[in-house]
1. Please enumerate the residues belonging to region 56-102 that are surrounded by fewer than 19 Cβ atoms within 10 Å (Cβ to Cβ), in contact (Cβ under 8 Å) with a residue 60 or more places away in the chain and under 19 Å from Leu30 (Cβ atoms).
2. Residue by residue through region 121-172, note down the ones that are outside any helix (DSSP H, G or I), of a type outside the set (A, V, I, L, M) and either farther than 21 Å from Met211 by Cβ or in contact with a Cys (Cβ under 6 Å, 6 or more places away or on another chain) (or both).
3. Of all residues being charged (D, E, K, R) and assigned to a helix (DSSP H, G or I) in region 179-195, which is surrounded by the fewest Cβ atoms within 10 Å (Cβ to Cβ)? Just the residue, please.
4. Of the residues Ile205, Ile147, which is over 17 Å from Ile257 (Cα atoms) and modelled with pLDDT of 90 or more?
5. Which condition does Ile9 not pass, out of (1) touching a Ser or Thr at 6+ places or on another chain (Cβ under 6 Å); (2) at pLDDT 90 or above, if it passes all the others?
6. Among residues belonging to region 27-68 that are of a type in the set (A, V, I, L, M) and under 21 Å from Arg254 (Cβ atoms), point out the one that is modelled with the lowest pLDDT.
7. Under 6 Å by Cβ, and 6 or more places apart or on different chains, what pairs join a residue from region 103-126 that is under 12 Å from Leu70 (Cβ atoms) with one that is surrounded by fewer than 18 Cβ atoms within 10 Å (Cβ to Cβ) and at pLDDT below 85?
8. Can you find, within region 271-293, the residue that is surrounded by the most Cβ atoms within 10 Å (Cβ to Cβ) among those that are more than 26 Å from the chain's Cα centre (by Cα) and not in a helix (DSSP H, G or I)?
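The values are calculated or read from the model by the stated rules, or taken from the named source; none is laboratory data. Bear in mind that the values here come from a model prediction, so they are computed numbers and not experimental data. Positions of Cβ are generated from backbone atoms using ideal geometry, with glycine treated the same way; all protein chains shown enter the neighbour counts.
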Amino acid sequence: MSETSEQIIMVGVDVAKDKLDIAFANEPVLMIKNEASAFKKLLKNRAIQSLCFVMEATGGYEKPLVSFLLTENIKVAVVNAKRVRDFANAMGAYAKNDRIDANMIRYYAETAYPKGRLQWREPRSEVEQRIEALVKRRHQVVEQKAIEQQHQATAYDKDAVRSIKRVIKQLDEEIRTIEAKIQTDIDNDDGLKQKVARLLTVNGIGIVNAMTLVSMLPELGKVSNKEIAALVGVAPYSKDSGKKTGKRTIFGGRALIRSVLYMAILSAKRFNKPIKTFYQRLIASGKPKKVALTACMRKLLITLNSMVKHQSEWHPNFPDLA
């Protein structure tokens, strides 16, 4: 989590496919096109060193602006849209349009993070960005394959089955092609190659798990164990009130990373000694299976985070380093 004593000026950005509404303090909201040429004009004659552009995650429409700002060494933070909406509702700001949203994002950042304690994005190389895009694409193709397999399970016409099998075969080839490109990129980057190799030493972590973690979780090894658990969405939150002790729950975070960790845990609880022991102890104490698996996901993530942070090798009794 980034902290600084310097004065940070928050800039709220409401992102759409074709345009951006940008709210600077004490200025009318600007509307520009969501394209590089407009970004350059936006920064003209501005002191950019103290600016922090804050925007919601929009499924990808924010990426051109984020990439441009990082290239210009300008602070960028991408925040959870639900938190901004909840903040607006708590303030009684029920009206909603792009200009209002841009100002609300800025106001949220100024109020929730008065000293600039936002988790800023860090610049990423072209290789890292390409690997991230390929990992996402692989996930999409795998989902398409799963749908076709469901169709195959209920298809009885011979021609329909043949068609489904042809599509599945094509999807398998596409998956292999994507994985080969990802592996080539990793092999050509010494830093990524070492990180992936370190992750692969952990029982339960396979090449797909490692590829996904290094591309979709760049914060791995750069933040504390509590922060990495919260980022992924495996940190339990309490719901206590008075004498009542509520059920701990998890929410938010990065669904794709959680999915990868879940698949890794299904293997780790059988072949990874610390995880296996931890899982069995939780089950023996009466914890539901889902709760035990989530706790194991968090423990595995913390172990991986500590390994990358301290550049340590995995061993069966690896400690949870802070």
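1. Passing the criteria: Asp98, Arg99.
2. From region 121-172, those outside any helix (DSSP H, G or I) are 121-125, 155-157; that's our starting set.
Keeping just the survivors that are of a type outside the set (A, V, I, L, M) gives 121-125, 156-157.
Residues satisfying the conditions are Tyr156, Asp157.
3. Step one: list which residues in region 179-195 are charged (D, E, K, R), which gives 179, 181, 185, 187, 189-190, 193, 195.
Subset that is assigned to a helix (DSSP H, G or I): 179, 181, 185, 187, 190, 193, 195.
On the way: Glu179: 16, Lys181: 15, Asp185: 19, Asp187: 11, Asp190: 9, Lys193: 15, Lys195: 21.
Result: Asp190.
4. Values: Ile205 fails: over 17 Å from Ile257 (Cα atoms).
Step by step, each of Ile205, Ile147 is checked, and only Ile147 is over 17 Å from Ile257 (Cα atoms) and modelled with pLDDT of 90 or more.
5. (2)
6. Here is the first cut: in region 27-68, the residues of a type in the set (A, V, I, L, M) are 29-32, 36, 38, 42-43, 47-48, 51, 54-55, 57, 65-66.
Cutting the leftovers down to under 21 Å from Arg254 (Cβ atoms) gives us 54-55, 57, 65-66.
Details: Val54: 92, Met55: 91, Ala57: 82, Leu65: 90, Val66: 89.
Restricting to residues being of a type in the set (A, V, I, L, M) and under 21 Å from Arg254 (Cβ atoms), the top hit is Ala57.
7. If the second residue must be surrounded by fewer than 18 Cβ atoms within 10 Å (Cβ to Cβ) and at pLDDT below 85, the pairs left are Trp120/Ser2.
8. Ranking the qualifying residues of region 271-293, first place goes to Lys287.
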